[in-house]
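The values are calculated or read from the model by the stated rules, or taken from the named source; none is laboratory data. Computed from a predicted model, the values in this text were never measured in an experiment. We place every Cβ from the backbone using ideal geometry, glycine too, and count neighbours over all the protein chains shown.
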Amino acid sequence: MTDTTLRSKLIGSWQLVSYEESFTDGSGGRRPFGDHPSGFILYNEDGYMSALLVPTAGMTGLQPVAYAGPFETDEAKQVVRHHPGASIIAPWVNRVQARRAMLEGDTLILSTVAPVVLNGSTSNATLVWKKTALTSR
């Protein structure tokens, strides 16, 4: 019998396809890491995850995002909660990062559960990931 829980579907390695922010005031959005960001998010069976997001090559003034720690899922709400024990963004350490998760085949879409304020603008962030070839078998 195949396990169809959100948690079981997350297990593996995912490669970043896009990162977009949509402004809550309806004025549009932006791609803060450019048109071709890179990165990976990994979910292990032991309940730990790690993520690395890198801006498009050649973009200046932006730092990568990296964090790792335990994760948990809320099956009813289809939400994954990351609990960073380490992060290059110091305020994220020991602060839950909740993401709404939607799976479509080998595509994982993670979005903020509530709007966030970044660089003075309130927005909803959406990150699209593709299952890596080695873990999609």
* Within segment 92-114, can you find the residues that are surrounded by 13 or more Cβ atoms within 10 Å (Cβ to Cβ), without any contact (Cβ under 8 Å) to a residue 24 or more places away in the chain and of a type in the set (Gly, Ala, Ser)? -> ALA98, SER111
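Table: residues versus (1) among the acidic types (Asp, Glu); (2) touching a Ser or Thr at 6+ places or on another chain (Cβ under 9 Å); (3) surrounded by 13 or more Cβ atoms within 10 Å (Cβ to Cβ).
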position: TRP14; (1), (2), (3): no, yes, yes
position: VAL17; (1), (2), (3): no, yes, yes
position: THR24; (1), (2), (3): no, yes, yes
position: ARG30; (1), (2), (3): no, yes, yes
position: MET49; (1), (2), (3): no, no, yes
position: ALA66; (1), (2), (3): no, yes, yes
position: ALA90; (1), (2), (3): no, no, no
* Assess whether ALA133 counts as being under 13 Å from TRP14 (Cβ atoms), small (Gly, Ala, Ser) and out of contact with any Ser or Thr (no Cβ under 6 Å at 6 or more places or on another chain). => yes
* State yes or no: is ALA114 among the small types (Gly, Ala, Ser), within 18 Å of GLU20 (Cβ to Cβ) and either touching a Lys or Arg at 6+ places or on another chain (Cβ under 8 Å) or at pLDDT below 95 (or both)? => yes
* Asked: Hey, does segment 77-97 have a residue that's farther than 23 Å from GLU21 by Cβ and either in contact with a Leu (Cβ under 9 Å, 6 or more places away or on another chain) or β-branched (Val, Ile, Thr) (or both)?
  -> no
